[in-house]
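Notes follow once the structure below has been shown.
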Amino acid sequence: MPKEVIRVVAAVIEHEGRYLITQRNASAVLPLLWEFPGGRVESDESEADALCREARGRIGVDVEVGAKLGEHVHEYPGYEVHLAMFSCTIVDGQQPYPATVNDLRWVTSREFLDYDFPPADEKTMNKLLMRN
């Protein structure tokens, strides 16, 4: 039986040398791990639309979706995640807040190692570390 495929988008939001990361809720899958803001792409929406919806819902801001930074597949037991990462900017100086996430922080790429991320996010972190 084929694994379920889950399409996910992530916003790589950089400001003054720091990246925005969010912490999953205690009741979420992979609880309390850190990740780049984003979430699932619904079957009837584009990746950009999903990213805008997820940013608004999770961190309370509107984002402008820029270039796709990369994509990869990560296999978990029972399902696989197809993750697409986009460079994003927060619109009009809005301030993110943990609307439906446990916490959020602005960190440098070197500080990524101080946080526990899901395996699917590790390739994103490695790309950003190589850029800096």
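Summary table below
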| read-out | value |
| --- | --- |
| Hits in the range 19-38 (condition: buried (at least 21 other Cβ atoms within 10 Å of the Cβ) and either out of contact with any Pro (no Cβ under 9 Å at 6 or more places or on another chain) or closer than 16 Å to residue 91 by Cα (or both)) | 19, 20, 36, 37, 38 |
| Some residue of the range 74-86 being assigned to a strand (DSSP E or B), within 21 Å of residue 116 (Cβ to Cβ), under 14 Å from the mean Cα position of the chain (by Cα) and at pLDDT 95 or above | no |
| Members of the range 1-16 that are surrounded by 11 or more Cβ atoms within 10 Å (Cβ to Cβ) and farther than 17 Å from residue 55 by Cα | 3, 6 |
| Residue in the range 100-107 that is over 17 Å from residue 121 (Cβ atoms) and surrounded by fewer than 18 Cβ atoms within 10 Å (Cβ to Cβ) present | yes |
| Per-region count, the range 47-81, residues crowded, with 16+ Cβ neighbours inside 10 Å, within 13 Å of residue 10 (Cα to Cα) and not charged (D, E, K, R) | 10 |
| Hits in the range 39-62 - residues which are within 12 Å of residue 90 (Cα to Cα) and touching a Leu at 6+ places or on another chain (Cβ under 9 Å) | 59 |
| Residues of the range 10-50 satisfying the condition of being farther than 16 Å from residue 117 by Cβ, part of a strand (DSSP E or B) and among the aliphatic types (A, V, I, L, M) | none |
| The range 69-98 residues that are closer than 23 Å to residue 23 by Cβ and of a type in the set (Ser, Thr, Tyr), paired with ones that are surrounded by fewer than 15 Cβ atoms within 10 Å (Cβ to Cβ) and at pLDDT below 90 (beta carbon under 7 Å, 6 or more apart) | 79/3 |
| Selection status of residue 112, part of a helix (DSSP H, G or I) and either closer than 15 Å to residue 10 by Cβ or more than 13 Å from the chain's Cα centre (by Cα) (or both) | yes |
| Selection status of residue 65, in a strand (DSSP E or B), under 22 Å from residue 92 (Cβ atoms), of a type outside the set (Ser, Thr, Tyr) and touching a residue at least 60 places away in the same chain (Cβ under 8 Å) | no |
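The values are calculated or read from the model by the stated rules, or taken from the named source; none is laboratory data. Since the structure is predicted, the reported quantities are computational estimates derived from the model, not experimental observations. Note that we place each Cβ from the backbone using ideal geometry, even for glycine, and neighbour counts take in every protein chain shown.
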